[in-house]
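Step one of this worksheet: look at the structure below.
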Amino acid sequence: MALDPIALRDALEAFFAVPPGTTAGCAAQWADVLGAFAQDLTPSSSTVDAAAATLQAALTAAFDSGAAAAPFETALTTFATAVAGGMAPAFVGTPPPGPLGLAGLLAAPRDTHAQAAQDFANAFDLWFRTGTATPSGGGAPVPWS
């Protein structure tokens, strides 16, 4: 399998068009969408479900904080780090080396749900693919795909 940015975009568009009515519901939806995207990661990770659950809890707290951009960014980094850990024992996973740049994404206005979904999907997909996996038995690191 491989990461599917089109499926990510479509899931985000559906989410943005009809968002849940609570911060906890929004956190759960983000975790579901990003967890589903990461399930198709190559090399695979055995910790995607646990990482998504942790993401949901962190995003619930972030969205309840009032200033969500920084804790949202931290939650995404933690999510990717947990996903990387699940590539063992065959690979040593390394999460994306830097932040997604979420504050800029959140600050830019969009005319449609579709445009917002496309922008977020592009950014997350490009960022997530900067993670790498190095074969445990030796060899060159490969980008997440």
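Take GLY137 and tell me if it is in a strand (DSSP E or B) and either over 24 Å from ALA67 (Cα atoms) or free of Cβ contacts under 8 Å to residues at least 60 places away in the same chain (or both). Steps first, answer last, please.
Working: in a strand (DSSP E or B): no; either over 24 Å from ALA67 (Cα atoms) or free of Cβ contacts under 8 Å to residues at least 60 places away in the same chain (or both): yes.
So GLY137 fails the test.
Evaluated against (1) without any contact (Cβ under 8 Å) to a residue 24 or more places away in the chain; (2) under 16 Å from TRP30 (Cβ atoms), TRP127 falls short on exactly one condition, (1). For segment 91-124, residues that are touching a residue at least 60 places away in the same chain (Cβ under 8 Å), touching a Pro at 6+ places or on another chain (Cβ under 9 Å) and more than 22 Å from PRO71 (Cβ to Cβ) total 1.
Taking the stated definitions as given, is PHE16 touching a Cys at 6+ places or on another chain (Cβ under 9 Å), touching a residue at least 40 places away in the same chain (Cβ under 8 Å) and surrounded by 15 or more Cβ atoms within 10 Å (Cβ to Cβ)? Before the answer, list the steps.
Working: touching a Cys at 6+ places or on another chain (Cβ under 9 Å): no; touching a residue at least 40 places away in the same chain (Cβ under 8 Å): yes; surrounded by 15 or more Cβ atoms within 10 Å (Cβ to Cβ): yes.
Judged against the criteria, PHE16 is not a match.
On the stretch given as segment 66-97, residues that are surrounded by 20 or more Cβ atoms within 10 Å (Cβ to Cβ) and in a helix (DSSP H, G or I) total 8.
For the condition under 20 Å from ASN122 (Cβ atoms), at pLDDT below 95 and not small (Gly, Ala, Ser), what is the one hit in ASP32, ASP64, ASP40?
Working: ASP32 fails: at pLDDT below 95; ASP64 fails: under 20 Å from ASN122 (Cβ atoms).
Sole residue among the options that is under 20 Å from ASN122 (Cβ atoms), at pLDDT below 95 and not small (Gly, Ala, Ser): ASP40.
Here THR132 fits the description: polar (S, T, N, Q) and surrounded by 17 or more Cβ atoms within 10 Å (Cβ to Cβ).
Here is the figure for segment 98-121: residues that are in a helix (DSSP H, G or I), out of contact with any Leu (no Cβ under 7 Å at 6 or more places or on another chain) and small (Gly, Ala, Ser) total 5. In the condition set (1) farther than 19 Å from MET1 by Cα; (2) out of contact with any helix residue (DSSP H, G or I) (no Cβ under 6 Å at 6 or more places or on another chain); (3) buried (at least 19 other Cβ atoms within 10 Å of the Cβ), THR112 is compliant with all but (3). Among all positions in segment 34-45, there is no residue which is farther than 14 Å from SER145 by Cα and among the charged types (D, E, K, R).
Screening PHE63 with (1) in contact with a helix residue (DSSP H, G or I) (Cβ under 7 Å, 6 or more places away or on another chain); (2) surrounded by fewer than 17 Cβ atoms within 10 Å (Cβ to Cβ) gives one miss only, at (2). Would you confirm whether or not segment 122-131 contains a residue that is assigned to a loop (DSSP other than H, G, I, E, B), touching a strand residue (DSSP E or B) at 6+ places or on another chain (Cβ under 9 Å), hydroxyl-bearing (Ser, Thr, Tyr) and more than 16 Å from GLN39 (Cα to Cα)? Within segment 122-131, one or more residues are assigned to a loop (DSSP other than H, G, I, E, B), touching a strand residue (DSSP E or B) at 6+ places or on another chain (Cβ under 9 Å), hydroxyl-bearing (Ser, Thr, Tyr) and more than 16 Å from GLN39 (Cα to Cα). The set of residues in segment 43-60 that are buried (at least 20 other Cβ atoms within 10 Å of the Cβ) and either more than 19 Å from ALA28 (Cβ to Cβ) or among the aromatic types (Phe, Trp, Tyr) (or both) contains only SER45.
The values are calculated or read from the model by the stated rules, or taken from the named source; none is laboratory data. Just so it is clear, the structure is predicted and the values come from calculations on it, not from any experiment. Quick reminder, even Gly has a Cβ in these numbers, built from the backbone with ideal geometry, and neighbours come from all protein chains shown.
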